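The numbers here are math on the coordinates, done by the rules we state, and not lab data. What you see is a predicted model, and the numbers here were worked out from it, not measured in a lab. Don't worry about glycine lacking a Cβ; one is built from the backbone with ideal geometry, like all the others, and counts go over all protein chains shown.
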Amino acid sequence: MSAFLLILVAIFSRILPHAFGFTAAGGSLLYFGARRPLREAFVPVALFAATDYYLTTFVYGYPFHVQHYLLTWTWYAAAIVLGSILLKQGVTFLRAGSAVVLSSTSFFLISNYAVWASSLPMYPHSAAGLMACFEAALPFYRNDVVSTALVLGVMFGIPAAVRQFLPEGNRATV
């Protein structure tokens, strides 16, 4: 249940005005993959896709084109699979750190390449334009790494810390 609730928190973190570019998206997808069966992955992907539609059309006032989002939606599913691969069998600092870096870096590369490659005239279609696009997005990358690490740290760290303070017989319940 907590994985579904975290997906809803992530959606609201994307919709509500937020400071510092914090969003629980990456962490929630990784956590979902770690805690739920992969057959349920369509639920968060569909919810995030609907959120993309809402943000694009109603918040930003842009026309919505499905083809511009297919790569992003594929990344949502891939983040869930990554969480399943790295975190379902057991969470260690190395596994969680790897999940944070891999998910944030892959999203940074994929999403900014898509911005650069799109028909938007923001960046020239050259190596220098691609580098300028990546450079402009570095603050968002930093925020995504911090947000993802924070979400995973809270979701996995708090239960682990609580277990440390419980008597031996009660640890399995947290």
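Can you give the helix-only mean residue ellipticity at 222 nm for the chain, where every DSSP H stretch with n ≥ 4 adds -39500 (n - 2.57) and the sum goes over all residues, rounded to the nearest 500 deg cm²/dmol?
Value at 222 nm, helices only, nearest 500: -23500 deg cm²/dmol.
For helix 93-117, report the angle its Cα long axis makes with the longest principal axis of the Cα atoms of the chain; keep it between 0 and 90° and round to the nearest 10°.
10 degrees
How high is the FRET efficiency from Val146 to Glu168, r the C-beta distance, R0 25 Å, rounded to 0.05?
0.10
Give me Leu16, Leu138, Leu29 sorted ascending by neighbouring Cβ count inside 10 Å, so fewest comes first.
Leu16, Leu138, Leu29
Which distance in nm do the two modelled labels at Val43 and Met122 give, with both placed 7 Å along the Cα-to-Cβ direction?
Taking the two extended label points, one gets 3.3 nm.
Select one label from [x] 1.11; [y] 1.21; [z] 1.46: the one whose number is Cα Rg over 2.2 N^0.38 Å as derived from the coordinates shown.
The listed entry that was calculated here is [x].
Using 0.36 nm times the number of residues separating Thr56 and Ser98, minus their current alpha carbon distance, what extension gain do you get?
12.0 nm
For segment 123-142 and segment 46-116, what is the separation of their Cα centres, given in Å?
18 Å
Explain nothing, just the number: relative contact order of the chain, from Cα pairs under 8 Å at least 6 residues apart, as a whole percent.
27 percent
Please turn the phi angles of segment 63-73 into ³J(HN,Hα) values with the Karplus equation 6.51 cos²θ - 1.76 cosθ + 1.60 (θ = phi - 60°), one per residue in order, whole Hz, x for glycine and proline.
Each residue of segment 63-73 in turn: x, 9, 10, 3, 4, 6, 10, 4, 5, 5, 5 Hz.
Normalised radius of gyration for segment 1-80, please: alpha carbon Rg relative to 2.2 N^0.38 Å, two decimal places.
Scaled against compact globular proteins, the figure is 1.07.
To the nearest 10 degrees, how steep is helix 25-35 against the longest Cα principal axis of the chain, on a 0 to 90 scale?
40 degrees
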